1. Just checking, which of 223, 252 is within 15 Å of residue 184 (Cα to Cα) and at pLDDT 95 or above?
2. Out of all the residues in the range 155-166, which are surrounded by fewer than 22 Cβ atoms within 10 Å (Cβ to Cβ) and either part of a loop (DSSP other than H, G, I, E, B) or touching a helix residue (DSSP H, G or I) at 6+ places or on another chain (Cβ under 6 Å) (or both)?
3. For the range 185-215, what are the residues that are in a helix (DSSP H, G or I), among the acidic types (Asp, Glu) and either closer than 21 Å to residue 294 by Cα or not assigned by TED's automatic domain parsing to the domain that holds residue 299 (or both)?
4. Would you check which residues across the range 224-257 are at negative phi, in contact with a Lys or Arg (Cβ under 8 Å, 6 or more places away or on another chain) and small (Gly, Ala, Ser) and list them?
5. Any chance the range 468-478 includes a residue that's out of contact with any Cys (no Cβ under 6 Å at 6 or more places or on another chain) and either outside the structural domain of residue 283 (by TED's automatic domain parsing) or among the small types (Gly, Ala, Ser) (or both)?
6. Do any residues in the range 1-30 that are touching a residue at least 60 places away in the same chain (Cβ under 8 Å) have Cβ atoms under 8 Å from those of residues that are part of a loop (DSSP other than H, G, I, E, B) and loosely packed, with under 12 Cβ neighbours inside 10 Å, where the two are at least six apart or on different chains, and which pairs are they?
7. Go through the range 380-390 residue by residue and tally those that are out of contact with any Asp or Glu (no Cβ under 9 Å at 6 or more places or on another chain) and under 19 Å from residue 363 (Cβ atoms).
8. Could you check residue 56 against (1) in contact with a strand residue (DSSP E or B) (Cβ under 8 Å, 6 or more places away or on another chain); (2) assigned to a helix (DSSP H, G or I) and say which number it fails?
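The values are calculated or read from the model by the stated rules, or taken from the named source; none is laboratory data. Fair warning: this is a prediction, and the values are worked out from it, not measured in the lab. Reconstructed Cβ throughout: ideal geometry from the backbone, glycine too, with neighbour counts over all protein chains shown.
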Amino acid sequence: MNILLKQQYTSEDFNTHCAFLFPSLEDIPEKWLSTQELNFVKRVNTNSPDETVIPVHRANYSWFCILPKPNENPAKKLENIRLAGYQLTQFLHKERIDELHISSFHASSLDLFALAEGIVLSSYAFQKYQNNEKKRKHQLQTLDILSENFDYKQLKELEIITEAVYLCRDLVNEIPSELNAKSLAEILKQKAEEVGIRAEVMNKKKIESLKMGGLLGVNKGSTIPPTFTILEWKPFNFINEKPIILIGKGITFDSGGMNIKTGTYMENMKSDMAGAATVASVVIAAARLSLPLNVMAFVPATDNRINSDAMVSGDILTMYNGKTVEVVNTDAEGRLILADALSYANKFDPFLTITAATLTGAAARAIGKYGIVAMESHARTQFDLLKQSGEEVYERLVEFPLWEEYFDLIKSDVADIKNSGPAEAGAITAGKFLEYFTTYPFIHLDIAGTSFTNKNDGYRGIGATGIGVRLLISFLQNVIQNHQNS
């Protein structure tokens, strides 16, 4: 989609399809609409308060009056505007509108940013394999922002953030026969190098030399060798001596291994690499935004399949740091590859490491699609800032504890630790397992409930949502802001 900005414009620019953002009915300028049009808008707004987008059809074009639900909470107010952007796109798609002008009256540039963000994110569709034109979603081609207050820095940020979400969604939505450990690494390396990021892809031979037993163990059932991709954005003006490391689970397809998934549980397992797509998209966005931070992404990648050599329950794996893990469930594989990555991160002495992973069904069952299960270890200040970022972009965190008692649930009689515990506290024991491999400030994000949806979910769409991308970009921006204010 092309996103354009006009800071100088005339009334002629409104003689086309336009959407106008009004904080309230009282903010609609006198004589902007005809008496009949204004009465119609007032009637709809009064009788159907959930209809935040009210179309006014004229001879050759349509105007859309946007009256988002008011809210005292600034973050919820912006979220309501994004959702109004989603409602607007439903009209655009139905009427097959290719170009739209948006403007605002008495609304801030942040409000207009949220509206544009909602429109752009709602316009995404993964249609690579859809040949039936009748089923293909009509997509807006050009969005023109008409505003004296909106600046080109905001325009660039809007483009980069939404494109990062698009990249994440594209990667997660891609089919397993096309996206495997090798092709994922190749795509990430190419995308990273295009924007000046140092990219390294470790192949199986290198991974074997590093003795990453978790990644190699999960990969035993696959015919495609594993990869471990490292992306590093380290500009000349970075403000953090110690890097922020983002680690994403890169299971490109998860059959469950010998503990095979049954029924529909395997249906969307192409999305089990959403964590990898998230962290890579964030670091690429950080480079494009020229953020003065030393940020790295680690992407350990493999699929989890079954053959005669596959890992089985009862196996004991020796990890990168020498710790041993008893495998009691081959479908608890994501934490095994993340553990190697977390151990490897020790050599960089990170300021903070964040894992993003579709790790447990327990997280999804606990809070559903409305939040991200999160845990922290020795990172209270950073966690509070991340939670604040989540509130701001409406990708909210729900904190679960990492109390020491939970470690008792994953103690092993035959190894240092086992890879799964009982059914209860499943999201926490997974986080506790990861914590075991850290020696630095650590935050874990379980995005199992938020990363993929089978039903249309507003501007988050259907299929891959990209949730986590805006959260982590906002967090990095807030880290910079805090540094500047200190």
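1. Criteria check complete, one pass: 252.
2. 158, 160
3. Residues of the range 185-215 in a helix (DSSP H, G or I): 185-194, 204-209, 213-215.
Filter again for among the acidic types (Asp, Glu), leaving 186, 193-194, 208.
Of everything in the range 185-215, those that are in a helix (DSSP H, G or I), among the acidic types (Asp, Glu) and either closer than 21 Å to residue 294 by Cα or not assigned by TED's automatic domain parsing to the domain that holds residue 299 (or both) turn out to be 193, 194.
4. Result: 255, single match.
5. yes
6. 7/148; 8/148; 23/70
7. Qualifying residue count, the range 380-390: 1.
8. Checking residue 56 against (1) in contact with a strand residue (DSSP E or B) (Cβ under 8 Å, 6 or more places away or on another chain); (2) assigned to a helix (DSSP H, G or I), the one that fails is (2).
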